[in-house]
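Engineer: If you scroll down you'll find the structure; I have some questions about it.
The values are calculated or read from the model by the stated rules, or taken from the named source; none is laboratory data. In this text the structure is predicted, and so the values were computed from the model without any measurement. Cβ atoms come from the backbone with ideal geometry, glycine included; neighbour counts cover every protein chain shown. The protein model used for the area step is the full one, side chains on, heavy atoms only, and it has no ligands, DNA or RNA in it. Shrake-Rupley method; radii C 1.70, N 1.55, O 1.52, S 1.80 Å.
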Amino acid sequence: MGSFQLEDFVAGWIGGVASVIVGYPLDTVKTRLQAGVGYSNTFNCIRMVYKRERVFGFFKGMSFPLASIAIYNSVVFGVFSNTQRFLSKCRCGEPEAGTGRSLSDLLLASMLTGVVSVGLGGPVELIKIRLQMQTQPFREASHGLKSRAVAAYQGPVHCIATIVQMEGLTGLYRGASAMLLRDIPGYCFYFIPYVFLSEWITPEACTGPSPYAAWLAGGIAGAISWGTATPMDVVKSRIQADGVYLNKYRGVMDCISQSYRQEGFKVFFRGITVNAVRGFPMSAAMFLGYELSLKALRGEHTVRSE
């Protein structure tokens, strides 16, 4: 079998659908905490969203991510798996052998995946955050404007059209620099722990990660990745939410400077609890869906007798 495998992309898409459904409500809470105002903690945010918008508020803007993030995850997992396999083949000529994997292969594949993810996922994240934040009172204290919470977009298509009309095509990549600084190390902390944890948990008789290993290792990797990515995720969320009603930040460093000056160092860890908590079930569903789909597509079983 060649080093390129289409099954990785298909399995990544299936896993992506599972992760969006499981993780979206907490993703909304995370975004509101990081870029909204009036929330003292995670539970207060959940209570306020439910009080104001009921259950629907937690799924605001979900239709676009459900369609787009599934494709995004398909590309992420397809790029990572095929790049890692290619690097392994170049290094030792045995892409399918269990001994062909190395930390350097995983690191390079993860970093490349982080770069690719921004190119495809930047507009997806922007639209998602704009839709999640449009009914929130915006951070306007330094501008002397009256706080308001009026829907600016009628839906994903209207949101895209409005951004392109107001800011041009480059407006769809607002926050791309912050996303790069989040995703390149973020995917290293995502895929590398998963690979080593799943191999450690899975019995030797198994040809690949067992369902339990995929679920547990995926959940732990997700919690680690999202926990460590929180500071730059805060910056990215603020830059991307900026522009719904006004433009406050001139770039990554300006956002960091203003956020620190107004709210202190702790602001960069806002939402770390919900990030880590949602990271576990979301990534557990992602990796479990990916591994089970991959085995089904290849007609493999978890265990083979020797």
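Engineer: May I ask for the percentage of alpha-carbon pairs in region 175-283 that lie more than 15 Å from each other?
Structural biologist: Within region 175-283, distances greater than 15 Å cover 66 percent of Cα pairs.
Engineer: Quick one: what are the phi-derived ³J(HN,Hα) couplings along region 55-66, Karplus 6.51/-1.76/1.60 with θ = phi - 60°, whole Hz, x for glycine and proline?
Structural biologist: Using θ = phi - 60°, the values come out as 4, 4, x, 6, 10, 5, x, 6, 4, 5, x, 4 Hz.
Engineer: A follow-up question, please. Modelling each spin label as a point 7 Å along the Cα-to-Cβ direction, I'd like the residue 261/residue 162 distance in nm, to one decimal.
Structural biologist: 2.9
Engineer: Let me ask another. Given the options 188, 202, 229, identify the residue whose Cα lies farthest towards the positive end of the charge dipole of region 175-283 (+1 on Cβ of Lys, Arg; -1 on Cβ of Asp, Glu).
Structural biologist: The Cα lying farthest towards the positive end belongs to 229.
Engineer: About the Cα centre of region 175-283, what is the dipole size in debye to 20, counting +1 per Lys and Arg Cβ and -1 per Asp and Glu Cβ, all else neutral?
Structural biologist: Once rounded to the nearest 20, the dipole reads 520 debye.
Engineer: When the solvent-accessible surface of protein heavy atoms is calculated with a 1.4 angstrom probe, in what order do 200, 13 fall, highest first?
Structural biologist: Highest to lowest solvent-accessible surface, that is 200, 13.
Engineer: With a 1.4 Å probe and all protein chains kept in place, how much accessible area does residue 179 have, in Å² rounded to the nearest 10?
Structural biologist: Residue 179 has an accessible surface of roughly 0 Å² with all protein chains in place.
Engineer: Here's something else I'd like to know. Pairs of Cα atoms under 8 Å, at least six residues apart: use those to get the relative contact order of the chain, whole percent.
Structural biologist: Answer for the chain is 27 percent.
Engineer: Turning to a different aspect of this structure: Given H placed on each backbone N at 1.01 Å, which residues far from residue 207 in sequence or on other chains put an amide H within less than 5 Å of it?
Structural biologist: Here the answer is 303, 304, since their amide H atoms fall under 5 Å of that of residue 207.
Engineer: Can you give me the % of accessible surface on region 175-283 that is carbon or sulfur? Probe 1.4 Å, all protein chains present, nothing else counted.
Structural biologist: 69
Engineer: Could you report the accessible area of residue 256 in Å², rounded to 10, computed with a 1.4 Å probe on the protein chains as they sit in the structure?
Structural biologist: 50
Engineer: Let me ask you something else. For region 48-79, run through the trypsin sites (Lys or Arg not before Pro) and keep only the ones in DSSP coil with at most 12 other Cβ atoms within 10 Å of their Cβ.
Structural biologist: In loop regions of region 48-79 (DSSP not H, G, I, E or B), the sparsely surrounded trypsin sites (Lys or Arg not before Pro) are 54.
Engineer: If you take every residue apart from residue 232 with its C-beta less than 11 Å away from the C-beta of residue 232, what net charge results, scoring Lys and Arg +1 and Asp and Glu -1?
Structural biologist: +1
Engineer: Please name which of 281, 217, 252 has its Cα lying farthest along the dipole of the chain towards the positive end, using unit charges on Cβ (Lys, Arg +1; Asp, Glu -1) and the Cα centre as origin.
Structural biologist: About the Cα centre, the residue reaching furthest to the positive side is 252.
Engineer: Please report, in debye to the nearest 20, how large the charge dipole of region 1-86 is about its Cα centre when each Lys and Arg carries +1 at its beta carbon and each Asp and Glu carries -1 there.
Structural biologist: That gives region 1-86 a dipole magnitude of about 540 debye.
Engineer: Between residue 253 and residue 204, 0.36 nm times their residue separation minus their Cα-Cα distance comes to what?
Structural biologist: Here the segment from residue 253 to residue 204 would lengthen by 12.8 nm.
Engineer: Then there is this: Largest first, how would 17, 124 line up by accessible area (1.4 Å probe)?
Structural biologist: Ranking 17, 124 by accessible area, largest first, yields 17, 124.
Engineer: A 19 angstrom limit on the alpha carbon distance is what I want to check against. Which of 51/128; 30/51; 60/128; 236/266; 30/60; 30/266 exceed it?
Structural biologist: 51/128
Engineer: Next question, about the same structure. What number, rounded to the nearest 500 deg cm²/dmol, is the helix-based mean residue ellipticity at 222 nm of the chain, given -39500 (n - 2.57) per DSSP H run of at least four residues and division by all its residues?
Structural biologist: When only DSSP H runs of four or more count, the value is -24000 deg cm²/dmol.
Engineer: So how far apart, in nm, are the two label points at residue 107 and residue 7 if each is 7 Å from Cα heading toward Cβ?
Structural biologist: The two pseudo-label positions are separated by 3.0 nm.
Engineer: Count charges around residue 278 for me, please; just the other residues with Cβ under 9 Å from its Cβ, Lys/Arg as +1, Asp/Glu as -1.
Structural biologist: Taking every other residue near residue 278 into account, the sum is 0.
Engineer: Express the accessible area of the chain per residue in Å², computed with a 1.4 Å probe while the remaining protein chains stay in the model.
Structural biologist: Counting only protein heavy atoms, the per-residue value for the chain is 46 Å².
Engineer: Turning to a different aspect of this structure: Treat every Asp and Glu Cβ in the chain as -1 and every Lys and Arg Cβ as +1, leave all other atoms uncharged, and give the resulting dipole magnitude about the Cα centre to the nearest 20 debye.
Structural biologist: My answer is approximately 1400 debye.
Engineer: Please give, to one decimal in nm, the separation of the simple spin-label points placed at residue 92 and residue 67, each 7 Å out from Cα toward the Cβ.
Structural biologist: Placing both labels 7 Å along Cα→Cβ, they lie 4.4 nm apart.
Engineer: So what are the ³J(HN,Hα) numbers for region 119-131, from phi and the Karplus equation (6.51, -1.76, 1.60; θ = phi - 60°), rounded to whole Hz, Gly and Pro as x?
Structural biologist: x, 8, x, x, x, 4, 5, 4, 5, 4, 5, 4, 5
Engineer: Could you calculate the FRET efficiency of residue 172 with residue 297 from 1/(1 + (r/R0)^6), where r is the beta carbon distance between them and R0 is 45 Å, rounded to 0.05?
Structural biologist: 0.90
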